[in-house]
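Undergrad: There's a structure below that I have some questions on.
We did not get these values from a lab; they are worked out from the coordinates using the rules stated. This is a predicted model, so every value here is computed, not measured. Don't worry about glycine lacking a Cβ; one is built from the backbone with ideal geometry, like all the others, and counts go over all protein chains shown.
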Amino acid sequence: MTRMDDNNDDQKPGEETTGSASERSGADQDLRAALDEAAKWKNDYLYLRADFDNYRKNVLKDRADLIKYGCERLVAELLGFLDTMERALEMSITPENIVQFKTGIEMTSNELKSVLSRFGVQECKAEGEPFNPSEHEALTNEETDLVAPGHVLRVYRKAYKLHDRLIRPAQVVVAKAITPKEG
């Protein structure tokens, strides 16, 4: 006696047959290929993530170094100015050398202005200019006819810009019109 399901003698209980062995083999190969590709993509992702993490750490370190050592060139230039000032302070001033001392101080001042200029620091002209509260700090006002009312009469402390940003406003006296005296 032959049974109809003799072909399925190898089948375990609960298993269903879904096709021929070659079909199952092809599906297994597709699954293996998909798993291999997923493993490759996961590996690529992990390498990329590690590279990005290293890049991020390097950027943070570079930024910290820039903040910490960014003014190194300026400081190196200013040390030459400091050396000159210390030599000037060591000099004994006599009536015979006062003119040379003053000339040396002027040259040192010009050296400092040159260093600052090379780093983008510019002096802002204020005297005689219209009062501008974004660039000038009014200490007081004074009646005068030397400059127009509302203009800067005198400067006590100069204004400076670093490139295009004001880093210190000028402290000024603002002119106001002379009031007629009653009398």
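Undergrad: For the chain, taking Cα atoms only, what is the radius of gyration to one decimal and the Dmax to the nearest whole Å?
TA: 41.3, 147
Undergrad: For each of His163, His151, His136, count neighbouring Cβ atoms within 10 Å of the residue's Cβ, then give the residues from fewest to most. Show your work: numbers first, answer last.
TA: Numbers: His163 9, His151 18, His136 21.
By the 10 Å Cβ count, ascending: His163, His151, His136.
Undergrad: If you restrict to DSSP beta bridges whose two residues both lie in the stretch 120-183, what percentage is antiparallel, to the nearest 5? Let's see the in-between values first.
TA: Details: 12 of 19 bridges.
Here the share of antiparallel DSSP bridges comes out near 65 percent.
Undergrad: Tally Lys and Arg at +1 and Asp and Glu at -1 over the other residues with C-beta under 15 Å from the C-beta of Val147: what net charge comes out?
TA: Values: positive: Lys125, Arg154, Lys176; negative: Glu127, Glu129, Glu142, Glu143, Asp145.
Net charge in that neighbourhood comes out at -2.
Undergrad: I want the antiparallel fraction of DSSP beta bridges within the chain, as a percent rounded to 5. Before the final figure, lay out each step's value.
TA: Working: 12 of 19 bridges.
Taking every DSSP beta bridge within the chain, about 65 percent pair in antiparallel fashion.
Undergrad: By counting other Cβ atoms within 10 Å of each Cβ, how are Cys124, Cys71 ranked from fewest to most? Walk me through the numbers on the way to the answer.
TA: Numbers: Cys124 18, Cys71 12.
Ordered by Cβ neighbours within 10 Å, fewest first: Cys71, Cys124.
Undergrad: Over all Cα pairs of the stretch 120-183, how is the pair count split among 5 Å bins, expressed in % and running from 0 up to the last occupied bin?
TA: The distribution over the stretch 120-183 is 4, 21, 27, 18, 13, 8, 5, 2, 1, 1, 0, given as percents.
Undergrad: Also, I was wondering about something else. Return the calculated 222 nm mean residue ellipticity for the chain, to the nearest 500 deg cm²/dmol, obtained by summing -39500 (n - 2.57) across DSSP H runs with n ≥ 4 and dividing by the residue count. Show your work: numbers first, answer last.
TA: Working: 3 runs with 89 residues, N = 183.
Calculated at 222 nm, the ellipticity per residue is -17500 deg cm²/dmol.
Undergrad: If I stretch the segment between Ser117 and Leu139 completely, what's the gain in nm (0.36 nm per residue apart, minus their alpha carbon distance), one decimal? Show your work: numbers first, answer last.
TA: Details: separation 22, 0.36 × 22 = 7.92 nm, distance 2.74 nm.
Difference between extended and current length: 5.2 nm.
Undergrad: Putting +1 on Lys and Arg Cβ atoms and -1 on Asp and Glu Cβ atoms, find which of Asn54, Leu116, Met91 reaches farthest to the positive end of the dipole of the chain.
TA: Met91
Undergrad: What nm value, rounded to one decimal, do you get for the distance between Lys125 and Ser109 when each label is placed 7 Å out toward the C-beta?
TA: 1.9 nm
Undergrad: Going 7 Å from the Cα of Ala88 in the Cα-to-Cβ direction, what parts of the stretch 164-183 have a backbone nitrogen less than 20 Å from that spot?
TA: Output list for this probe position: empty.
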